[in-house]
1. In this structure, does residue 189 turn out to be buried (at least 18 other Cβ atoms within 10 Å of the Cβ) and at pLDDT 95 or above?
2. Output the residues belonging to the range 140-168 that are within 30 Å of residue 265 (Cα to Cα) and free of Cβ contacts under 8 Å to residues at least 60 places away in the same chain.
3. Can you find a residue that is over 16 Å from residue 81 (Cα atoms), in contact (Cβ under 8 Å) with a residue 40 or more places away in the chain and either surrounded by fewer than 21 Cβ atoms within 10 Å (Cβ to Cβ) or out of contact with any strand residue (DSSP E or B) (no Cβ under 6 Å at 6 or more places or on another chain) (or both) anywhere in the range 222-232?
4. Would you confirm whether or not the range 139-152 contains a residue that is part of a helix (DSSP H, G or I) and farther than 23 Å from residue 238 by Cβ?
5. Within the range 198-214, work out how many residues are touching a residue at least 60 places away in the same chain (Cβ under 8 Å) and touching a helix residue (DSSP H, G or I) at 6+ places or on another chain (Cβ under 6 Å).
6. Please find, among 260, 293, the residue that is closer than 24 Å to residue 85 by Cβ and assigned to a helix (DSSP H, G or I).
7. Would the range 32-48 turn up any residue that is surrounded by 20 or more Cβ atoms within 10 Å (Cβ to Cβ), closer than 30 Å to residue 201 by Cβ, touching a strand residue (DSSP E or B) at 6+ places or on another chain (Cβ under 7 Å) and in contact (Cβ under 8 Å) with a residue 40 or more places away in the chain?
8. Going residue by residue through the range 61-75, is there one that turns out to be without any contact (Cβ under 8 Å) to a residue 60 or more places away in the chain, out of contact with any helix residue (DSSP H, G or I) (no Cβ under 9 Å at 6 or more places or on another chain) and more than 15 Å from residue 264 (Cβ to Cβ)?
């Protein structure tokens, strides 16, 4: 497929889902089942994704060689929305040497003894690399907000645990993302938007298929009982932390093949915007390479 056609396609799958300003954002306006009219069978979807991952691998190679920028991809979603499989399929062609993946579960005691951004801040990607956060610092305005009793665990000072805590945390997150962007870390955030009906179907599949039993957790079912609270928390999170520099992408997640295509398109669009290239070799270096060639040819 010609390069320009691929670029046109990425824009089609990116623009409808990118949120750069949260004012007026409503999660109910985004259909978890949409495919933007795209109808593909499994083979066609796989081929389209393969084209995207192949291009992504080329861009990642230049990112690594240039060693100037880093890219942070943040994935947030309810259980069974497909975070793991999306990361696996979209990043399948990327050189592991240039990619760093972190999955953030329940915080350890060491984590709780630090500020709420500490455990993720120390995992930010190095220049030249792609960092992937499977869950992130956003858990601190999601799970903790839905279950405020969790705030008691870090033994926060009273002045840090007031009615303003969520607005303060949104502000802290915006400041962190602005700072990281200024230092050359490009941030893109993905909310995989799965419907309650599709989540139920996937949970039942985990119970019915032995190879998926390991994925099942009673805690997931309990959390499902807080669905409306979580949707409100996700909506507020996107409203408060969407910026042009660190936008959110509200990606439809009821159809996994479309989720993967849309996420790949957003990453490609981001890397393409950096105008990456391989480092230019100096005249001195070219002479050194020519001498090396002579030595090898005469060896």
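1. Answer is yes for this residue.
2. Pass one, the range 140-168, residues within 30 Å of residue 265 (Cα to Cα): 140-143.
The answer is 140, 143.
3. Yes: one or more hits.
4. Yes, there is a match, as at least one residue in the range 139-152 is part of a helix (DSSP H, G or I) and farther than 23 Å from residue 238 by Cβ.
5. The number of residues fulfilling the criteria is 1.
6. Step by step, each of 260, 293 is checked, and only 260 is closer than 24 Å to residue 85 by Cβ and assigned to a helix (DSSP H, G or I).
7. yes
8. Going residue by residue through the range 61-75, those that are without any contact (Cβ under 8 Å) to a residue 60 or more places away in the chain are 61.
Filter again for out of contact with any helix residue (DSSP H, G or I) (no Cβ under 9 Å at 6 or more places or on another chain), leaving none.
Scanning the range 61-75 turns up no residue that is without any contact (Cβ under 8 Å) to a residue 60 or more places away in the chain, out of contact with any helix residue (DSSP H, G or I) (no Cβ under 9 Å at 6 or more places or on another chain) and more than 15 Å from residue 264 (Cβ to Cβ).
The values are calculated or read from the model by the stated rules, or taken from the named source; none is laboratory data. It should be emphasised that the depicted structure is a prediction, and the values quoted were computed from it without experimental measurement. For neighbour counting, all protein chains shown are included, and Cβ atoms are generated from backbone atoms with ideal geometry for every residue, glycine included.
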